[in-house]
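Structure first, commentary second.
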Amino acid sequence: MKLDWATIQRPIIALSPMADMTDSAFCRVVRKISGPDVIVFREMVSSEAIIRGNDKTLGMTEIHPDERPIVQQIFGSEPEKMAEATRIIDRDHNPEGFDINMGCPVYKVVHSFNGASLMRDADRATAIVRAMKEATDKPVSVKIRAGWEDPKECLTFGIALEEAGADLITIHGRTKKQGYTGQSDWDLIGEFAKTVSIPVLANGDIYTPQLMTEALETSGAEGVLIARGALGNPWIFKQILDQLAGKEFEPITLQERVEVIKQHARWHIEQFDAGTVRTFRKHLSWYFRAIAGAKPFKARLHTVDTIEELDAVLDEVLEDGLKGGAVARRDASHPLAANRLFIKK
Ligand SMILES: Cc1cc2nc3c(=O)[nH]c(=O)nc-3n(C[C@H](O)[C@H](O)[C@H](O)COP(=O)(O)O)c2cc1C
């Protein structure tokens, strides 16, 4: 599939890049549940590490055919290195698009002019966009925050990115300084969207199909990028697509949840060539977070080692039916709302 942000079906619904989370296995799960109409963004990789030939980082850019269409996100601060990393990934794995991380607030990323710190250096940021555009014929998008400290910074920054050739911009409506405090400002995203003519995706605090509709109505954006709302809840994209198609909402049964977790665990082991499910425990926490009645099983899920042990606990969960739990709370304003909302007794 040739990805063209200008003509792809609206609204654009996409999985947001998440380090350590949106790896190949998780992207396969999202694709399997959601079908072809969702775009998945793979976790960021370091341009420096790609160029150095770091095995682990190179492995992170491998793509299973089932995952496509895939957008690979890259972070870095040197235009030429970003371009070279793009060429390597393009040559070796041929993702459908590239995305530049200009929003990450984490110290180890921003301290060397990567991530959100690029919002303080428009010359460097635009040079990166231009260099990557020359390196590939795939679309190059950029993911930004509202600003470093001043939420209005995006309003001039976006124009510069568009002029440099960016094909799409995703904006998380918080500043770097805010981190994850406060709320993503969807009104600001609307203001931002009016300053550029390329498509804009709204990001931040979209945890349910209802919130997706609100975010789109408030911002007028062409689509949404969803991060935390997909952790432990890869069903959210299908539920959104169903809502857009006017279909009735179908809660996830415990049986479906367990089947998906078992599949996800197997793909995770396959991807990382791991003999254990230790590195999968983080996903287990999300899959059972805020799930009524799951408490008695959590300690064991946090210590499972082998796939057989995991299967055994999951079978017990099924047998138990989590009947001891209270009815799911319908509180849509929390990242975990998706789980609360969608577990079916
Ligand atoms: C665990 C985790 C890892 C993340 N890693 C990345 C990343 O690699 N690249 C990026 O641009 N944003 C990253 N983000 C930010 C998200 O993509 C998203 O912009 C942010 O969480 C707001 O969206 P949400 O409210 O839907 O979670 C990460 C967020 C989380 C929670």
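Within segment 14-30, residues that are in a helix (DSSP H, G or I) sit with their Cβ atoms under 7 Å from residues that are of a type in the set (Gly, Ala, Ser) and more than 6 Å from the ligand (Cβ to nearest atom), at 6+ positions apart or across chains, in these pairs: Val30/Ala230.
Picking from residues in segment 45-59 that are out of contact with any helix residue (DSSP H, G or I) (no Cβ under 8 Å at 6 or more places or on another chain) and closer than 27 Å to Arg130 by Cα, the one that is surrounded by the fewest Cβ atoms within 10 Å (Cβ to Cβ) is Gly53.
Residues of segment 69-92 include at least one that is within 14 Å of the ligand (Cβ to nearest atom) and farther than 20 Å from Trp5 by Cα.
Can you tell me which residue in segment 214-234 is surrounded by the fewest Cβ atoms within 10 Å (Cβ to Cβ), limited to those that are in contact (Cβ under 8 Å) with a residue 24 or more places away in the chain and away from the ligand (no atom under 15 Å from the Cβ)? Checked segment 214-234; the qualifying residue surrounded by the fewest Cβ atoms within 10 Å (Cβ to Cβ) is Gly220. Contact map, segment 108-127: residues that are under 13 Å from Met82 (Cα atoms) paired with residues that are of a type in the set (Phe, Trp, Tyr), Cβ distance under 8 Å, separation 6+ or inter-chain. Pairs shown: Asn114/Phe75; Gly115/Phe75; Arg124/Phe113; Ala125/Phe157.
Could you tell me whether Thr175 is of a type in the set (Ser, Thr, Tyr), closer than 21 Å to Thr195 by Cα and more than 16 Å from the chain's Cα centre (by Cα)?
Values: of a type in the set (Ser, Thr, Tyr): yes; closer than 21 Å to Thr195 by Cα: yes; more than 16 Å from the chain's Cα centre (by Cα): yes.
In short, yes.
When the residues of segment 245-263 are filtered to those that are in a helix (DSSP H, G or I) and in contact with a strand residue (DSSP E or B) (Cβ under 8 Å, 6 or more places away or on another chain), the one that is farthest from Val38 (Cα to Cα) is Leu254. Listed by first and then second residue, the pairs with beta-carbon distance under 8 Å, at least 6 apart or on different chains, first residue in segment 1-12 and at pLDDT below 95, second buried (at least 18 other Cβ atoms within 10 Å of the Cβ), are Met1/Pro69; Met1/Glu96. Of the residues making up segment 264-273, not a single one is farther than 21 Å from Leu15 by Cβ, without any contact (Cβ under 8 Å) to a residue 60 or more places away in the chain, touching a helix residue (DSSP H, G or I) at 6+ places or on another chain (Cβ under 8 Å) and not in a helix (DSSP H, G or I). When we screen Ala193, Ala160, Ala164, Ala245 for residues that are surrounded by fewer than 19 Cβ atoms within 10 Å (Cβ to Cβ), away from the ligand (no atom under 14 Å from the Cβ), of a type in the set (A, V, I, L, M, F, W, C) and under 25 Å from Asp123 (Cα atoms), the only hit is Ala160.
The values are calculated or read from the model by the stated rules, or taken from the named source; none is laboratory data. Just so we're clear, the structure is a prediction, and the values are computed from it rather than from any experiment. Ideal geometry is used to build each Cβ from the backbone, glycine not excepted, and the neighbour counts take in all protein chains shown.
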